[in-house]
1. Specify the inter-centroid distance of the stretch 57-77 and the stretch 144-193, based on alpha-carbon positions, in whole Å.
2. Where does each of 204-217, 96-109 land if you order them by average Cβ count within 10 Å, highest first?
3. By what distance, in whole Å, do the Cα atoms of the stretch 109-262 stretch along each of the three principal axes, largest value first?
4. Assuming a ≥ b ≥ c are the square roots of the Cα gyration tensor eigenvalues, decide whether the stretch 125-190 counts as rounded (a/c under 1.5), prolate (otherwise, with a/b larger than b/c) or oblate.
5. Given C-alpha coordinates of the stretch 67-125, what is the ratio Rg to Rh with the Kirkwood estimate of Rh?
6. So, with +1 on the Cβ of K and R and -1 on the Cβ of D and E, and no other charges, what is the size of the charge dipole of the stretch 63-194 about its Cα centre, to the nearest 20 debye?
7. Assigning unit charges at the beta carbon (Lys, Arg +1; Asp, Glu -1) and nothing else, what dipole magnitude in debye, to the nearest 20, does the stretch 109-262 show about its Cα centre?
Amino acid sequence: MHLNEFQDGLSASLLGDATIAERSPAWLASLQAQPGFAVYRNTVLKACMDALQANYPSVCQLVGDEWFRGVAGLYARAHPPTDGRLMNYGAGFADFLQAFGPAAELPYLPAVARLDRYWTECHLAADAPAVSADWLAEQPPDALATLHLKPHPAARWAWCAEHPAYALWAAQREGVESHEGMTWEGDGGLLTRPQGAVVWCPLTRAGAVFLDACARGACLEDAATATLTNAPTTNFAALLGQLLQMGALTPFTKITQAQEAA
C-alpha cells in the first residue's frame, strides 16, 4: 500500500465519505471498527465545522447556528482541509453556498460569505506601506497622470449589484441585530489593514471600478477615466481621498531584472 492511498482513505473515512466506507479495504474497515475511531472522526469533523463557523461569523449570525453547522458539515465532508492553518479554511465556502439549493431563499448569502472571506484574507495579508495624501501631494504635477498605484496587499473590495450584502455583513460585524430601515439595494464595501487591525467602510461602484483598474496595472489617468466613464457624476477627488484615508493604495514598484535575478 502506498502512503498516499493510506492518507486519502483515512482522510475520507474521518470525514464520513460514504463511497469510501462502501468499498473500504480490509485495513481501513478494521480501523473503522475500532471503538475509538468514531470519537476521532467526530473530533475531526467538529474541528472543521468550528473553524468554518469562526471564519464566517456574519453568515452564521444571519442563518443561525443550527442551519450553519448543518451546511458546514456538508462542506467539510466535500472539502476537507488542505492546510494545517484552520484560520485559512473555507476558501471556497461562498461558491459552495452559491450552488447549495437550500440557500437559494437567501440569495445575498454568498456575497456576505465572500466578505467574511475577505476579512480573513485581509487579516493574513502581507504588510506594505500605504500611500498617504502627503506623499501624493509631493509628486511632480506633470507625473501624476502616469503615476501607477496599486491596491494594498491587504485591500479587498466587492460590489454587489443585487443585494445590500455589505450593509448586512457590516451590521453583523458591528453587532447591529436589527435590519429595520435598511435600504434593499446593491452596495459595496472595502476592507483594508493599513496598520494592525482590519477596518472597513462602504464603497461605491465607482470605487470598485477604480480599484479594479489599479489592480490591472492602469496608470492614475487611465484608472480615473475608467471610473468616470462608468460613473460620470463621481467626485473623483473625494473618492481618491477616501481610498488614501483607508490605506487602500500602495506605490507601484517596478521590479528590475537585477532584482528578479537576486
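1. Result: 22 Å between the Cα centres.
2. Values: 204-217: 19.6, 96-109: 14.8.
Taking the mean over residues of other Cβ atoms within 10 Å, the ranking is 204-217, 96-109.
3. Each principal axis gives a Cα extent; for the stretch 109-262 these are 54, 38, 25 Å.
4. Values: a/c = 3.06, a/b = 2.34, b/c = 1.31.
It comes out prolate by the Cα gyration axes.
5. Numbers: Rg = 11.7 Å, Rh = 12.1 Å.
Ratio of gyration radius to Kirkwood radius for the stretch 67-125: 0.97.
6. Numbers: 9 positive and 17 negative charges, 107 e Å.
I would put it at about 520 debye.
7. 280 debye
None of the figures in this text is laboratory data; all of them are computed from the coordinates on show. The shown structure was predicted, so the numbers you read here are calculated from the model rather than taken from an experiment. Methodologically, a virtual Cβ is constructed for each residue, glycine included, from the backbone with ideal geometry; neighbour enumeration extends over all protein chains shown.
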